[in-house]
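Undergrad: Mind looking over this structure? Questions follow.
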Amino acid sequence: MEDLRERRRLQGRAPGTVPAARHERRDGSHVAVHLVRRSQLLAGIAHAARSRQHEFPPTTHVDQGHHRFRYPAACMNAEEHALFANDTFYMAFAQKDIEAMQRLWAADHATFCVHPGWPTITGRREILESWRRILGNPEQPGIDFYNAKATAVGDVVVVTCYEELPGSICAATNGFIPEQGEMRLFHHHSGPCANPPPPSGARSG
């Protein structure tokens, strides 16, 4: 227990680290559910921004637990490719990059989106308009995600993960489908999670 407290104390002082969100248990106690370290993530975003205007970020894959680059695109299977696209989605969200968000959403397939507390949105044009409203809002808080898992269902890959916003955790499902040589997002559903798990490998106190 002392070791965990010391690790959290040191992490709280690290540059590029956002304080841990706290989740209230049913017994009234609190537990830190995720400590976000953004320095390497933001470095990846900056590198992506230097790529050509109509391309996805460079084809490196990011380890969900520690934001370490791991697999080049040539070595990816469909599930790994979808995880990379999932990374791209949350990078665009965190950076409020509407152009990256537009490139990510499918253009040749039906699309569906449910933001927390919103009604279901269908159709690429309507979905992108919703993202313009969200990303263009100066009061929109930052976001991170954890515990991303990919499952292939035929040609479709479904990625489940947990989204962390200040003071809340949402459970999210993101669906990707092959289109124009890339895995494109055709489905996003996010809603509040009353009892979220901690990040994989984390210890709760």
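The values are calculated or read from the model by the stated rules, or taken from the named source; none is laboratory data. As the structure is a prediction and not an experimental result, all values here were calculated from the model. For neighbour counting, all protein chains shown are included, and Cβ atoms are generated from backbone atoms with ideal geometry for every residue, glycine included.
Undergrad: Filter the stretch 152-163 down to residues that are among the charged types (D, E, K, R) and either modelled with pLDDT under 95 or surrounded by fewer than 20 Cβ atoms within 10 Å (Cβ to Cβ) (or both), then give me how many there are. Even if it seems obvious, please write down each step before you answer.
TA: So the first thing to find is which residues in the stretch 152-163 are among the charged types (D, E, K, R), and the list is 155, 163.
If we keep only those that are either modelled with pLDDT under 95 or surrounded by fewer than 20 Cβ atoms within 10 Å (Cβ to Cβ) (or both) too, we end up with 155.
Number satisfying all stated conditions: 1.
Undergrad: Run K149 past the list (1) farther than 13 Å from N86 by Cα; (2) surrounded by fewer than 16 Cβ atoms within 10 Å (Cβ to Cβ) and report the number of the one that doesn't hold.
TA: (1)
Undergrad: Further, regarding this structure: Please go through the stretch 101-114 and pick out each residue that is over 14 Å from the mean Cα position of the chain (by Cα) and not hydroxyl-bearing (S, T, Y). Please lay out each step first, then the result.
TA: First pass over the stretch 101-114, keeping only residues over 14 Å from the mean Cα position of the chain (by Cα): 102-103, 105-114.
Result: Q102, R103, W105, A106, A107, D108, H109, A110, F112, C113, V114.
Undergrad: Find the residue count for the stretch 166-188, including only residues that are farther than 24 Å from N77 by Cα and surrounded by 17 or more Cβ atoms within 10 Å (Cβ to Cβ).
TA: Taking the stretch 166-188 as the starting set, the residues that turn out to be farther than 24 Å from N77 by Cα are 166-171.
After this cut, where a residue has to be surrounded by 17 or more Cβ atoms within 10 Å (Cβ to Cβ) as well, the list is 169-171.
Qualifying residue count, the stretch 166-188: 3.
Undergrad: In the stretch 98-143, what residues are exposed (fewer than 14 other Cβ atoms within 10 Å of the Cβ) and among the charged types (D, E, K, R)?
TA: E99, D108, R125, E126, E129, R132, R133, E139
Undergrad: Let me ask something else. Any residue at all in the stretch 81-98 that is assigned to a helix (DSSP H, G or I), more than 14 Å from the chain's Cα centre (by Cα), touching a residue at least 24 places away in the same chain (Cβ under 8 Å) and within 28 Å of P197 (Cβ to Cβ)? Don't jump to the end; show me each part of the working.
TA: Let us first name the residues in the stretch 81-98 that are assigned to a helix (DSSP H, G or I), namely 81-95, 98.
Within this subset, residues satisfying the condition of being more than 14 Å from the chain's Cα centre (by Cα) are 81, 98.
Subset that is touching a residue at least 24 places away in the same chain (Cβ under 8 Å): 81, 98.
When the remaining residues are screened for being within 28 Å of P197 (Cβ to Cβ), the result is 81.
Yes, the stretch 81-98 contains at least one residue that is assigned to a helix (DSSP H, G or I), more than 14 Å from the chain's Cα centre (by Cα), touching a residue at least 24 places away in the same chain (Cβ under 8 Å) and within 28 Å of P197 (Cβ to Cβ).
Undergrad: Every residue in the stretch 133-159 that is acidic (D, E) and within 15 Å of the chain's Cα centre (by Cα), please. Write out each step before concluding.
TA: Keep residues of the stretch 133-159 that are acidic (D, E), which gives 139, 144, 155.
Passing the criteria: only D144.
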